[in-house]
Amino acid sequence: MTAQRKTMVVKIGSSTLVGDDRRIRRDFIADLARQARALRDMGWNLVVVSSGAIACGAPKLGFASRPADMPSLQACASVGQCILSAVYDEEFRAQELLTSLVLLTRHDTARRTSYLHARDALTRLVDLGVVPVVNENDTTTVDEIKFGDNDTLAALVSCLVSADLCVTLSDIDGLYTANPSLDPTATFIPRVTKIDAAIIGSAGDSTTSVGTGGMITKIRASRILMTAGIASVICSGEECDALVRLAAGESVGTLFAPPADRLDIAPRKLWIALGDSAHGSVVVDEGAARAVVECGSSLLPVGIRSVQGTFAAGDVLDVRDADGFVIARGRAAAGSDELELACGRRQDDIARNHLLAALAGKPAIHRDELIVFA
């Protein structure tokens, strides 16, 4: 019987993909293709989440640095995506591997049906032996429908293809207790089993002139992956044979290991966590936080301290504890105006208020529409 193949998602940042001379690093992609061939021989499929379109296109259009206005960014992405795709195609074809281009936006994933179509397309490509190269569709996106960073996109793709491992190749070799470029006492963290406020606080900003992400976005993406039961690694893009060594079980970079006893998360809840960005948030008291995290309870209005942002019923919200730490994400049963009036009120009090009729007898966020983060 043939062993079931595993799937690895690798996310490559712009600063890793584009050199100091602002040219695409063809040698890096050639080495990535060589590792992809080795992974295929080891029983692994590979999906690439690639930044770099804007960074590749900007110098071709005569920009001395990354432009600030949206139309110019879109133009750079349009030109750069062609350059990027051609290099991926050529170098992977040299290893007898076929690539495809998949461009996504929040518009494609915020709706459940579109999310499922994206999942089916990616899964079929992988089944056919193709190496999908996924990027955000920066040519047509605007701020309202952007993922904002490819770390979040990599987490989304990992959930879509039910990946066994997600690897971020970065300009840093992993997570430290502080930003090592600013704090000489920072120490390396080889393994993380729980992402708490202290870990979030250690993620100093590592945004570069050609990229949009930072360590904080990588940590947040890893937290969602841990919740989904998917292991993830942050390591240096210059680490020799990093992907092959990780597939062989070696320790490279920082491993974010999901809890061994983590229950299976329903696909719908993963869609809530990743498909759309949060449109607002609610801050809950200690009792409500404990009920949501430890007991798997729905969130009732009585446990809400405050409502932040403007949103409608069905929109995705972050659920924050009293310290502002995001403990869960879910779909609101009512709009922000109603929840502001209902917060802190018991169900019998809500039932007597005709303005809150929509919330009478039901939670602010039902547990079936709520995902608690690991």
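Ordered from highest to lowest accessible area with the whole protein assembly present and a 1.4 Å probe, LYS11, LYS194, LYS6 read as LYS194, LYS6, LYS11. Scanning residues 5 or more positions from ARG305 or on other chains, those with amide H under 5 Å from its amide H are VAL283, VAL284, ASP285, with H placed 1.01 Å from N in the peptide plane. The residues of the chain have, on average, 45 Å² of accessible surface per residue, using a 1.4 Å probe with all protein chains present.
According to the Kirkwood relation over distinct C-alpha pairs, the hydrodynamic radius of region 1-68 is 13.7 Å.
Extending 7 Å from the Cα toward the beta-carbon at both SER114 and PHE325 defines two label points whose distance is 3.4 nm. Nearest 500 deg cm²/dmol is fine: what mean residue ellipticity at 222 nm does the chain get from its DSSP H runs of n ≥ 4 alone, each adding -39,500 (n - 2.57), divided by its residue count? Using -39500 (n - 2.57) per qualifying helix, the result is -11000 deg cm²/dmol. Along the charge dipole of the chain, Cβ charges K/R +1 and D/E -1, which of VAL292, THR254, VAL192 sits furthest on the positive end? With unit charges placed on the Cβ atoms, the residue in question is VAL292.
Close amide H contacts of ALA334 (hydrogens built in the peptide plane, cut-off under 5 Å, sequence separation of 5 or more or a different chain): GLY314. Between LEU101 and VAL133, the built amide H atoms are under 5 Å apart, and every one of these is 5 or more places off in sequence or on another chain. The length gained on full extension between ASP196 and HIS107, counted as 0.36 nm times the residue separation minus their Cα-Cα distance, comes to 29.0 nm. The stretch between SER181 and ASP348, if pulled fully straight at 0.36 nm per residue, gains 54.6 nm over its current Cα-Cα span. One decimal place: the segment GLU250-ASP20 gains 79.8 nm when fully extended, by the rule 0.36 nm per residue minus the C-alpha distance.
Based on alpha-carbon positions alone, could you give the equivalent ellipsoid semi-axes of region 74-147 from the gyration tensor, as √(5λ), descending, whole Å? Mind dumping the intermediate values first?
Details: eigenvalues 108, 72, 5 Å².
Taking √(5λ) for each Cα gyration eigenvalue gives 23, 19, 5 Å.
For the chain, the longest principal axis of the C-alpha atoms and the axis of helix 70-93 are separated by about 50°.
Could you tell me the ratio Rg/Rh of region 82-196? Both radii from Cα atoms, Rh via Kirkwood. Mind dumping the intermediate values first?
Numbers: Rg = 17.2 Å, Rh = 16.6 Å.
Rounded to two decimals, Rg/Rh equals 1.03.
With a/c under 1.5 counting as rounded, go ahead and sort region 42-119 into rounded, prolate or oblate using the C-alpha gyration tensor (a ≥ b ≥ c being the square roots of the eigenvalues; past the cut-off, prolate if a/b is larger than b/c, else oblate). Kindly include the intermediate steps, with their values, before the conclusion.
Details: a/c = 3.06, a/b = 1.21, b/c = 2.54.
Oblate.
The distance from the alpha carbon centre of region 57-91 to that of region 335-373 is 47 Å, rounded to a whole number.
How big is the shadow of the Cα convex hull of the chain, averaged over all directions, in nm²?
On the way: hull surface 78.7 nm².
Seen from a random direction, the Cα hull of the chain projects 19.7 nm² on average.
In the chain, the portion of solvent-accessible area held by carbon and sulfur atoms comes to 51 percent [1.4 Å probe, whole percent, DNA, RNA and ligands not counted]. Axis of helix 112-127 versus longest Cα principal axis of the chain: the two differ by about 30°, to the nearest ten degrees.
Taking square-rooted eigenvalues a ≥ b ≥ c of the alpha carbon gyration tensor, is region 267-350 rounded, prolate or oblate, where a/c under 1.5 means rounded and, failing that, a/b exceeding b/c means prolate? Walk me through the numbers before you get to the answer.
On the way: a/c = 1.57, a/b = 1.19, b/c = 1.33.
Judged from the Cα gyration tensor, region 267-350 comes out oblate (a/c at least 1.5, b/c at or above a/b).
The values are calculated or read from the model by the stated rules, or taken from the named source; none is laboratory data. As the structure is a computational prediction, the values presented were derived from the model and not from experiment. Methodologically, a virtual Cβ is constructed for each residue, glycine included, from the backbone with ideal geometry; neighbour enumeration extends over all protein chains shown. Keep in mind that these areas ignore ligands, DNA and RNA; they rest on the heavy atoms of the full protein, side chains included. Shrake-Rupley method; radii C 1.70, N 1.55, O 1.52, S 1.80 Å.
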